[in-house]
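Have a look at the structure below, then the notes.
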Amino acid sequence: MEERNNYDYGIKSTLAQCWAISGAWLLQIDLGIQVITSTIVIGALENNAFKDKNEFLTITSEEASWFGSLQYLFTPLGNVFSLLLLDRIGHKKCMILTNIPCLVAQIILYYAKNIEMLYASSSLMALSIGFLNAPSLGYTGEVCEPKLRGTLTSSMNVFYYVGTIILTMMYSITKQWRLTVIVAMVFPILTIIILFTTPESPMWLLANGKHSKAHRNLLKLRGKVSHEKCENEFQEMIKYNVPAKSDKPNHNNNTNAWKQLFKPEVLRPFRLMMLYFFFKNLFSVLPLLPYLVSIFNKFGAPVNVEWTISFTMSLCIAGSVMAVFLIRTLGKRFLTLFALSVCSVCYIIIGLIGVNWTNTEPLKSWIVLILFLINNLISSAGLTPIAWTLITEIFPAKSKNIACNLSSTSFFVITFFMTKFYPDYSHLVEFYNVFTINGIIGLFGCIYFYFCLPETENKTLQEISEFFK
């Protein structure tokens with residue numbers, strides 16, 4: 001099986017695929033910038049007197065929780081827009097359009113004079129975040145050959161964290177959040193320019209009856225190899241993409257696609273993705289981003305908070321780079337089980353130390369901080385990249401766009417509740433008990449994935465789809 005899936009196109013094919021998904025990589029940088037923006041804005045405005053004497057805007061803790069979580073509350077609306085447009089205009093055009101609300105949000109944030117403008121900016125960023133996920137992930141999963149799909153898709157997570165560290169380091173240097181936000185506009189502009197040079201997904205072209213153009217694009221994506229060398233993979237795509245058997249566009253097949261959602265081959269992977277997203281959020285830094293300043297202060301380690309946040313993002317980048325190599329050698333299943341078990345143990349130890357080590361010795365502060373950073377490194381090497389790789393692989397072709405959008409929507413709904421109600425959760429069970437409880441829940445997740453998570457590495461999309469039937 002592995003020999004059949006290894007088409008052996010050579011280094012030119014790898015470079016061509018890297019160039020094709022470079023626009024998606026840049027979109028992930030945009031995503032990282034948008035997600036981390038709330039962290040630096042909240043950190044600046046909640047402690048305004050200590051940050052910038054020229055800043056006139058302040059926010060309360062309640063306003064901060066809304067500003068930080070609105071990014072996820074309105075993200076499903078972006079998913080809806082993506083769902084309506086993706087089949088009609090394709091991945092490439094959708095990825096270009098998603099930069100527009102991002103640019104508008106950054107301009108509004110730069111000129112923000114009140115909390116309402118902050119909310120408006122956060123909501124527009126949510127639309128952009130929701131709009132970009134399905135097109136960029138779907139495009140990456142479709143243009144990459146099976147042996148590279150896991151590696152190249154997981155590498156997108158590297159660029160997400162690059163975006164977060166770019167913004168946090170810029171802010172650590174400038175100490176002016178408005179200047180930092182406006183300079184960051186260069187990235188969505190660059191993304192638009194790059195995307196105009198990349199080819200459309202052959203899968204989408206096949207689904208819309210454009211067989212000749214799909215074959216030409218596949219040749220480009222495989223390093224301009226001969227027609228015959230791509231023929232086997234092209235026939236696999238036709239077999240996987242059922243609507244491609246007809247030369248008629250599938251715009252009118254949305255009803256059938258929605259009916260497909262209730263079949264086991266869609267419901268089973270959808271349930272798997274929901275649980276994967278839940279456990280990913282449980283241990284990733286994403287839901288905690290707006291509160292990182294507060295969390296690091298509660299740990300009590302004698303560190304500069306702004307640079308510690310940058311270092312945290314650097315560890316996430318290191319973990320994402322590790323994932324690029326580890327996924328191919330260890331597989332997604334083993335890496336998931338390893339990462340989830342290590343993160344669970346780290347959280348349980350943090351909780352036990354925090355509750356039972358009652359003195360304020362610096363050693364305690366350093367231990368819990370280091371364990372928290374280890375957790376972020378391991379989760380970014382296993383859980384986070386694999387989650388977004390799986391979503392591009394496990395849904396059948398006919399319902400893929402709808403299922404990916406619904407999965408992304410559900411992910412951001414989960415993230416919204418975890419972000420918005422983290423302060424209440426922490427107050428209810430006390431700060432360090434949050435880590436103990438989450439760690440215990442994570443151990444149950446290990447049991448579930450041991451029995452229910454298949455290995456998808458180096459499998460064709462058709463083979464993965466067959467597993468869930």
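The values are calculated or read from the model by the stated rules, or taken from the named source; none is laboratory data. All of these numbers come straight from a predicted model, not from anything done at the bench. Reconstructed Cβ throughout: ideal geometry from the backbone, glycine too, with neighbour counts over all protein chains shown. Remember, those area values only see protein heavy atoms, side chains included, never the ligands or the DNA or RNA. Shrake-Rupley method; radii C 1.70, N 1.55, O 1.52, S 1.80 Å.
Remarks
- Helices (runs of 4 or more DSSP H) contained in region 399-455 and holding at least 2 residues free of Cβ contacts under 8 Å to residues at least 24 places away in the same chain and either out of contact with any Gly (no Cβ under 7 Å at 6 or more places or on another chain) or aliphatic (A, V, I, L, M) (or both): 422-429, 431-452
- If the condition is being open to solvent by 10 Å² or more (accessible area, probe 1.4 Å), part of a helix (DSSP H, G or I) and either closer than 14 Å to Ala20 by Cβ or hydroxyl-bearing (Ser, Thr, Tyr) (or both), then region 218-233 contributes Leu219, Lys220.
- Of the helices (runs of 4 or more DSSP H) lying entirely inside region 1-63, those containing at least 1 residues that are closer than 23 Å to Lys220 by Cα and modelled with pLDDT of 85 or more span 11-20, 22-45.
- Scan of region 436-469 for residues that are modelled with pLDDT of 90 or more, in contact with a helix residue (DSSP H, G or I) (Cβ under 8 Å, 6 or more places away or on another chain) and open to solvent by 10 Å² or more (accessible area, probe 1.4 Å), ordered by number: Thr436, Ile437, Asn438, Ile440, Ile441, Leu443, Cys446, Tyr448, Tyr450
- The selection criterion, being at pLDDT below 85, out of contact with any Ser or Thr (no Cβ under 6 Å at 6 or more places or on another chain) and more than 29 Å from Thr409 (Cβ to Cβ), holds for Lys220.
- Taken over region 186-201, the criterion of being at pLDDT 90 or above and either buried (at least 17 other Cβ atoms within 10 Å of the Cβ) or small (Gly, Ala, Ser) (or both) is satisfied by Phe187, Pro188, Thr191, Ile192, Ile194, Leu195.
- Considering region 172-185, and only residues there that are closer than 14 Å to Gln106 by Cβ and not basic (Lys, Arg), the residue that is surrounded by the fewest Cβ atoms within 10 Å (Cβ to Cβ) turns out to be Leu179.
- Among residues of region 175-193 that are over 15 Å from Gly163 (Cα atoms), those with a Cβ under 8 angstrom from a residue that is assigned to a helix (DSSP H, G or I) and open to solvent by 30 Å² or more (accessible area, probe 1.4 Å), sequence gap 6+ or separate chain, pair up as Lys175/Lys51; Arg178/Tyr110.
- Residue within region 358-379 that is assigned to a loop (DSSP other than H, G, I, E, B) and either among the hydrophobic types (A, V, I, L, M, F, W, C) or within 23 Å of the chain's Cα centre (by Cα) (or both) present: no
- For Ala112: the one exception among (1) among the small types (Gly, Ala, Ser); (2) part of a helix (DSSP H, G or I); (3) at pLDDT 85 or above: (2)
- Remark: pairs (first residue in region 46-67, closer than 22 Å to Gln34 by Cβ; second residue modelled with pLDDT under 60 and assigned to a helix (DSSP H, G or I); Cβ separation under 7 Å; 6+ apart in sequence or on different chains) = Glu55/Asn48.
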